[in-house]
1. Within the stretch 172-181, count every residue that is in contact with a helix residue (DSSP H, G or I) (Cβ under 7 Å, 6 or more places away or on another chain) and either within 12 Å of the ligand (Cβ to nearest atom) or open to solvent by less than 10 Å² (accessible area, probe 1.4 Å) (or both).
2. Looking at the stretch 104-134, which of its residues are open to solvent by less than 60 Å² (accessible area, probe 1.4 Å) and more than 17 Å from V93 (Cβ to Cβ)?
3. Which one of these is touching a helix residue (DSSP H, G or I) at 6+ places or on another chain (Cβ under 7 Å) and not in a helix (DSSP H, G or I): L92, L51?
4. Take A105 and decide whether it is away from the ligand (no atom under 16 Å from the Cβ) and among the hydrophobic types (A, V, I, L, M, F, W, C).
5. Among the residues in the stretch 28-40, are any part of a strand (DSSP E or B), surrounded by fewer than 24 Cβ atoms within 10 Å (Cβ to Cβ) and away from the ligand (no atom under 16 Å from the Cβ)?
6. For the stretch 45-66, give me each residue that is closer than 17 Å to L78 by Cα, open to solvent by 20 Å² or more (accessible area, probe 1.4 Å) and more than 15 Å from the ligand (Cβ to nearest atom).
7. Among the residues of the stretch 135-148 satisfying the criterion of being farther than 14 Å from I14 by Cβ and not charged (D, E, K, R), which is least open to solvent (accessible area, probe 1.4 Å)?
8. What are the pairs, 6+ residues apart or on separate chains, where a residue within the stretch 114-133 that is within 9 Å of the ligand (Cβ to nearest atom) and among the polar types (S, T, N, Q) has its Cβ under 8 Å from a residue that is modelled with pLDDT of 95 or more and outside any helix (DSSP H, G or I)?
Amino acid sequence: MSLARRRTLDGARIAVTGASGGIGLALAEEFARRGAKLVLNARRAEALTALCSRLGGDGCDTAVAVGDIAEEATRHKLLDTANERFGGLDILVNNAGVGAFGRFAEAEPANLRRILEVDFFATVELTRAALPLLQASAKSGERRPAVVNIGSILGHRGIPYAAEYCAAKFAVRGFTESIRPEFAKLGIDVLLVSPGTTDTGFFDNVLAMQVKLPWRKREGGGTKPEVVARATADALERGKREIIPSFGGAAMVRLNRWCPGLIDWYLSRYG
Ligand SMILES: NC(=O)c1ccc[n+]([C@@H]2O[C@H](COP(=O)([O-])OP(=O)(O)OC[C@H]3O[C@@H](n4cnc5c(N)ncnc54)[C@H](OP(=O)(O)O)[C@@H]3O)[C@@H](O)[C@H]2O)c1
């Protein structure tokens, strides 16, 4: 391991939520390539099992915990599986997420609740439940454990037609920043990954799509999930605290930091 590396993923016990498609699936593949042992969660059992046997065929030790991560029983199943199969957990990746797009005035209150349940509360409560396992990993001294939260550039800058999703991803970012210094004391790193538009099924899986999103010119497009996965694995190995794995996303977040009024003015065209 080079001196610049904080950890190796070879042999690391990693749990990934939302691993049946998109960024979660790409993360599972990338971690498997780097020698990790995986516990994978999502609701679609078939997709998850197929991924599991594919990765298993390539020599990766993999287990599944099927279910809705917004439910406490699923979260416990995920952690119990890690414990029973691998004797613990080194890295937790809170990736499962869902969105809804449309004008706030016409939005269903139930969608706000559901988005916060999946994107925010499940992240928080799974992190809470995983803490004893992560602390045990830290105490063993074999490798430095970590929590990875998949946020979004929309957790740095709110945009029209995405009030619920932006609120959830801002909450994820606030939570992540808040626990980072607390967890540092426990020997646990905390990484925030904030992708920009990524070429996954995300926009097909949203709870509502009531407007044509002006910044989404065509189906597909955006960063490939494999790029996000590689950047995340590299960031974990190097011990980074935060990454924005797209040039355009990073530029937007920087511009918003320097001149938020300019972005407000630009976005007001879409109000
Ligand atoms: N795509 C983008 O443009 C983009 C940009 C920034 C951030 N992100 C974030 O990246 C993360 C992954 O999104 P993605 O782009 O990969 O979307 P995706 O292709 O829709 O994949 C979402 C994954 O989460 C799982 N999932 C959804 N709800 C779940 C639940 N309640 N319990 C368990 N698993 C659940 C889905 O599997 P099942 O349906 O089988 O449960 C699927 O595996 C999300 O947090 C998203 O907010 C995405």
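1. Matching residues across the stretch 172-181 total 2.
2. Listed by number, the residues that qualify are A107, N111, I115, L116.
3. Values: L51 fails: not in a helix (DSSP H, G or I).
Unique residue meeting the criteria: L92.
4. yes
5. yes
6. Hit for the stretch 45-66 is D61, nothing else.
7. Of everything passing the filter in the stretch 135-148, A138 is least open to solvent (accessible area, probe 1.4 Å).
8. Pairs found: T123/N94; T123/N149.
The values are calculated or read from the model by the stated rules, or taken from the named source; none is laboratory data. Note that the coordinates shown come from a computational prediction; the quantities given were computed from them, not determined experimentally. No Cβ is skipped: glycine too gets one built from the backbone with ideal geometry, and neighbour counts run over all protein chains shown. All accessible areas refer to the heavy atoms of the entire protein, side chains included, with ligands and DNA or RNA removed. Shrake-Rupley method; radii C 1.70, N 1.55, O 1.52, S 1.80 Å.
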